[in-house]
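The values are calculated or read from the model by the stated rules, or taken from the named source; none is laboratory data. Computed from a predicted structure; not experimentally measured. Please note: Cβ atoms are built from the backbone with ideal geometry, for glycine as well, and neighbour counts cover all protein chains shown.
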């Protein structure tokens, strides 16, 4: 999957053959679907309005008409099609000791979904070079579903807990789906859920040792 | 620090005022130093030979003469100036139960160093869009010092352990230094070493539950 990048004809035409997303048969939706593919493959800097328009078989002026600038198109295209916060009650409802494992299993499943995959790649490939994409990722990490989950566990320092969990998940996404480092990239999702789940569990619900009190001047060991 | 991106004049001139790195007073070294700054600020796609040549006050042809292509310049510029593997004996030598904490403290310290910072940012900003940078990051994650550390602990599945630890560390670098999500971005290094250390400790030395045996078909919980 790591090789399927930078516009290799094979991967592109494969993506095309998968057909349109449901509900994107209108022109606006077709442009959005192509924008997601383009941002996912090339990142913000690499994708162009001209290229997206060509893939959607419309005039570039129509893309500007519907969405304004490339930046505005990016923001709309990268909106997740799934309301991730809707999953929170279900994630919280299971055995409390396996919350982390359920969250990792859930995000791994989401990342594999054909509608989510270009969004994940687009956001990861753009966040490190484009300020708008970076702001979107900051928002997902700092105010997104993980914070809601951290808050639901009713422990102090929910923001720190959420961003710690987010750092592990975003690193997993980068190492597995963008950089593609083995054996992590090919590890089965259920194995990763069991191995990484306890990390998320501890960040969200555990005693963070001295970290709990946010008193870095305290010496001592956990 | 997140705002100091995409060529804001302030951050650029600040970087310039810091002066040349030791040992880079020759032309080749001056080009390399400017290349590191440029890749760190703009990533691989955003940096140009022309811009690097201008900052180093040389002709672009001289950059090509010394380094060949932009890709070749990137590979040389992103070579770490510190031999990270030299730190391994010292990291392994301390109390075994705090190996993870020592590693996190060590990498956080490295990332803050003026000579390392542009390399970290350059690699992170480029790895998601450029295949050469991605290959370099894969190598650091899969075959780098973390693997040596994982191997030194003499536990099975050293490669999986190393890439798991790498995924947490690369996610921390991205969230803290590139995306800049709070409160993680401003958290004191010693707090993060105590909070994230046990994660690395478990990945490198702990029982990875069913993950240990790499038998994803096994049901059961950790």
Within region A:124-136, of all residues that are free of Cβ contacts under 8 Å to residues at least 60 places away in the same chain and in a helix (DSSP H, G or I), the one farthest from residue A:44 (Cα to Cα) is A:135
Selection count where residues are surrounded by fewer than 23 Cβ atoms within 10 Å (Cβ to Cβ), more than 8 Å from chain B (Cβ to nearest Cβ) and part of a helix (DSSP H, G or I), scope region A:137-172:
9
Determine which single condition residue B:89 fails, assuming it passes every other condition in (1) outside any loop (DSSP other than H, G, I, E, B); (2) not assigned by TED's automatic domain parsing to the domain that holds residue B:115.
(2)
If you take the residues of region A:173-195 that are facing another protein chain (nearest Cβ under 7 Å) and part of a helix (DSSP H, G or I), which of them is surrounded by the most Cβ atoms within 10 Å (Cβ to Cβ)?
A:174
Scan A:73, A:99, A:121 and give me the residue that is within 14 Å of another protein chain (Cβ to nearest Cβ), crowded, with 20+ Cβ neighbours inside 10 Å, under 18 Å from the mean Cα position of the chain (by Cα) and touching a residue at least 24 places away in the same chain (Cβ under 8 Å).
A:121
Kindly establish whether residue B:61 is surrounded by 17 or more Cβ atoms within 10 Å (Cβ to Cβ), modelled with pLDDT of 85 or more and more than 14 Å from every other protein chain (Cβ to nearest Cβ).
no
